[in-house]
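A short write-up of the structure that comes next.
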Amino acid sequence: MIYLLFLVFGYSIMVFGALGLVRFPDLYTRLHAATKCDTGGMIGIILGLVFLTDASLFIKAKMFLLLFLIAMINPMVSHAIARGAYKMGIKPQVKVDMYGWDNP
Amino acid sequence: MSRMPLYLKHRVEKVKERYLYEIYESKKLPPWERFLLTWAILLGFWVIITGDLTIRGLSLGIATTGIIAYYMRDLLTEDIRHSKHLVWKILYFLLIYLPQYLIIMAFRLLESNIKVARHVIFMDINPAIVKIKSDLHSNTGITLLANSITLTPGTLTLDVVRRLDGTYLYVHWIDAETLNPEKAGEVIKGDIEKWLKKMFW
């Protein structure tokens, strides 16, 4: 029964991430929603699937490998998107912009 | 030390920096340890992905990963701090350091998910881009620190700049509590930097 808990947690976090993608005002805050909620929701779903399946041990190990790769690559991609967007000239709606002070 | 003239003080700080760099150069892992560590990691990857434990598959994997590890030994393990024997290092890493890091990151990820959900519902955002300083110098350490900061509650790494006295990170903070760089650094980095400084330069 524990898999149901993980699956419900993962799906609800994904729903909040998609909602944040619609509701937040600019690109950088939307990236917050996309990165964190995707990573956390995917970890919840994969842990639920690991508890659910009766497959052999290697398949579970492969799922953990997938989880590790997702948790490493997702933040890197979000960093690349944010930096590229700033270099292209999309201004963030913030109070204080120290990156803009140092790179005019 | 306190009554030293200013020009002399600068000079002494430069000498200390040079000394730190030379310690870093001399305390790298020796080549055979780097080779063995890379080999072990690649062999674990091979066994998990192929999934056959017959003698033919294992011998093929050992030969292939051995050749790759010989040429790529500087790529993965260059920045690890040298301490004690290799076996002790692996045991410490597997039994103490890795579970510590995973537990810290799991709780922070959970907290950050709940925080994003709260921000989505109430829209009480207060964003700012702040600049924090880190003491890590190596590529692997900075990469892991930036990834961990992106997954901690309410922060997103924008850019990394390396200077002589340390590394500066620009962080987009969705609910900025303070703009003072040191206090912001304490709040954002937390225990993760202390943990990473035990392992990497």
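The table below gives the values:
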quantity	calculated
Residue within the stretch A:18-30 that is acidic (Asp, Glu) and either closer than 24 Å to A:Phe6 by Cα or buried (at least 17 other Cβ atoms within 10 Å of the Cβ) (or both) present	no
Extreme residue, nearest to the other protein chains (Cβ to nearest Cβ), among residues of the stretch A:87-104 that are open to solvent by 50 Å² or more (accessible area, probe 1.4 Å) and touching a Pro at 6+ places or on another chain (Cβ under 9 Å)	A:Lys95
Restricting the stretch B:150-181 to residues that are part of a helix (DSSP H, G or I) and modelled with pLDDT of 80 or more, the residue that is surrounded by the fewest Cβ atoms within 10 Å (Cβ to Cβ)	B:Leu151
Flag for B:Thr157 being at the interface with another protein chain (Cβ under 9 Å from one of its Cβ atoms) and under 22 Å from the mean Cα position of the chain (by Cα)	yes
Single residue of B:Ile41, B:Ile62, B:Ile55 found to be under 22 Å from A:Leu66 (Cα atoms), open to solvent by 50 Å² or more (accessible area, probe 1.4 Å) and not assigned by the TED database to the domain that holds B:Ser138	B:Ile41
Among residues of the stretch B:111-149, those that are in contact with a strand residue (DSSP E or B) (Cβ under 9 Å, 6 or more places away or on another chain), open to solvent by 10 Å² or more (accessible area, probe 1.4 Å), hydrophobic (A, V, I, L, M, F, W, C) and more than 7 Å from chain A (Cβ to nearest Cβ), counted	2
Test result for B:Thr54, modelled with pLDDT of 85 or more, out of contact with any strand residue (DSSP E or B) (no Cβ under 8 Å at 6 or more places or on another chain) and either closer than 30 Å to B:Asp165 by Cα or hydroxyl-bearing (Ser, Thr, Tyr) (or both)	yes
The one condition in (1) within 14 Å of chain A (Cβ to nearest Cβ); (2) open to solvent by 40 Å² or more (accessible area, probe 1.4 Å); (3) part of a helix (DSSP H, G or I); (4) in contact (Cβ under 8 Å) with a residue 40 or more places away in the chain that B:Asp74 fails to fulfil	(1)
Selected residue (criterion: nearest to A:Ile59 (Cα to Cα)) from residues of the stretch A:30-42 that are more than 7 Å from chain B (Cβ to nearest Cβ) and of a type in the set (A, V, I, L, M, F, W, C)	A:Met42
Yes/no for A:Gly84 being exposed (fewer than 12 other Cβ atoms within 10 Å of the Cβ) and either within 11 Å of chain B (Cβ to nearest Cβ) or within 23 Å of B:Ala128 (Cβ to Cβ) (or both)	yes
Residue within the stretch A:54-71 that is assigned to a helix (DSSP H, G or I), open to solvent by less than 50 Å² (accessible area, probe 1.4 Å), in contact with a Phe, Trp or Tyr (Cβ under 9 Å, 6 or more places away or on another chain) and more than 10 Å from chain B (Cβ to nearest Cβ) present	no
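The values are calculated or read from the model by the stated rules, or taken from the named source; none is laboratory data. Because the structure is predicted, anything quoted here is derived from the model rather than measured. No Cβ is skipped: glycine too gets one built from the backbone with ideal geometry, and neighbour counts run over all protein chains shown. Each accessible area value is taken on the protein alone, full model and side chains, heavy atoms only, with ligands, DNA and RNA left out. Shrake-Rupley method; radii C 1.70, N 1.55, O 1.52, S 1.80 Å.
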